[in-house]
């Protein structure tokens with residue numbers, strides 16, 4: 001960026017210092033804005049909410065709304081509260097991109113992080129071919145005068161419509177192989193879920209609706225257990241099997257065992273049964289307290305805790321006034337009074 005040296009009066013210097021102290025802006029920023037206003041030149045301002053580091057630390061609640069953000073720019077990127085989708089701002093419209101699709105974000109949606117600007121293109125550059133993302137990044141970096149300079153850009157892709165077909169259409173994969181080379185484009189040559197012929201036979205029976213026959217085969221193999229006595233007995237049997245296998249592999253630090261259930265409620269019941277067995281074995285403390293908890297669907301329940309329990313927190317302010325990063329795993333040492 002060019003450097004301008006000039007002499008100013010002491011009164012202007014005092015006014016600059018007062019403005020910097022009042023707003024926290026740099027002298028450069030104040031002077032650039034003043035010159036842009038006086039010469040009627042469009043401002044080149046980048047507006048940012050929060051930092052990426054704050055997001056990593058779990059600060060994911062809204063600092064302002066989409067409507068308020070729109071006053072500071074019509075082009076940019078960001079995210080929404082609790083990482084509820086990616087934010088893309090184009091031509092003054094804020095889009096929310098989630099795994100369910102793309103929609104226009106409401107003005108009242110909270111924003112914890114975003115970087116926007118008023119997009120006013122100064123030049124147009126044609127790239128005849130782009131070999132890779134690294135190639136594109138290198139060409140864009142070459143347009144900057146310094147590595148400490150930010151600029152916004154839009155990509156407009158022109159070409160044969162056949163080059164923009166869906167992946168299912170096929171030719172786009174051929175184009176990628178030509179650009180990146182065969183080794184850079186992975187291929188799935190075979191897909192086998194069942195390792196043995198007997199497992200494949202069982203899977204075939206299930207697909208044919210012959211569940212009773214398939215289950216008999218699995219019971220004979222020991223990969224399925226029929227438990228009498230209803231759900232409570234089933235949850236206890238699962239917990240006992242988990243404890244048995246964990247004890248048998250306790251000397252293997254790499255051994256891991258997961259339990260899957262149909263619903264969150266079923267998973268909590270099995271977890272409670274496993275916890276009771278661990279408590280009987282002295283692996284966790286005997287004294288319990290209960291706290292209010294909420295599962296990922298928003299359903300509230302009471303959670304028992306004792307020294308030695310391990311929990312995973314999914315809300316950043318779960319233990320006010322402390323700020324806990326989202327998804328952190330924690331071990332209980334000495335529970336306090338009942339919540």
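The values are calculated or read from the model by the stated rules, or taken from the named source; none is laboratory data. Note that the structure is predicted; figures quoted are calculated from it, not measured. Note that we place each Cβ from the backbone using ideal geometry, even for glycine, and neighbour counts take in every protein chain shown.
Okay, residues lined up against (1) outside the structural domain of residue 56 (by TED's automatic domain parsing); (2) in contact (Cβ under 8 Å) with a residue 40 or more places away in the chain; (3) within 29 Å of residue 58 (Cα to Cα); (4) surrounded by 13 or more Cβ atoms within 10 Å (Cβ to Cβ):
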{"site": "216", "(1), (2), (3), (4)": "yes, no, no, yes"}
{"site": "258", "(1), (2), (3), (4)": "yes, no, yes, no"}
{"site": "279", "(1), (2), (3), (4)": "yes, no, no, yes"}
{"site": "290", "(1), (2), (3), (4)": "yes, yes, yes, yes"}
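Do we have residue 295 as closer than 30 Å to residue 83 by Cβ and within 35 Å of the chain's Cα centre (by Cα) here?
On the way: closer than 30 Å to residue 83 by Cβ: yes; within 35 Å of the chain's Cα centre (by Cα): yes.
Yes: the conditions hold for residue 295.
Restricting the search to segment 138-156, which residues are under 18 Å from residue 117 (Cβ atoms) and in contact with a helix residue (DSSP H, G or I) (Cβ under 9 Å, 6 or more places away or on another chain)?
Once the filter is applied, which keeps residues that are under 18 Å from residue 117 (Cβ atoms) and in contact with a helix residue (DSSP H, G or I) (Cβ under 9 Å, 6 or more places away or on another chain), segment 138-156 yields 151, 153, 155.
Please indicate, with yes or no, whether at least one residue in segment 65-87 is under 30 Å from residue 13 (Cβ atoms) and either surrounded by fewer than 16 Cβ atoms within 10 Å (Cβ to Cβ) or at pLDDT 80 or above (or both).
Yes, some residue in segment 65-87 is under 30 Å from residue 13 (Cβ atoms) and either surrounded by fewer than 16 Cβ atoms within 10 Å (Cβ to Cβ) or at pLDDT 80 or above (or both).
Exactly one condition in (1) modelled with pLDDT under 75; (2) surrounded by 10 or more Cβ atoms within 10 Å (Cβ to Cβ) is not met by residue 181; state its number.
Every listed condition holds for residue 181 apart from (2).
Return the residues of segment 218-247 that are exposed (fewer than 13 other Cβ atoms within 10 Å of the Cβ) and assigned to a helix (DSSP H, G or I); say none if nothing qualifies.
Those that are exposed (fewer than 13 other Cβ atoms within 10 Å of the Cβ) and assigned to a helix (DSSP H, G or I): 219, 220, 221, 231, 232, 233, 244, 245, 247.
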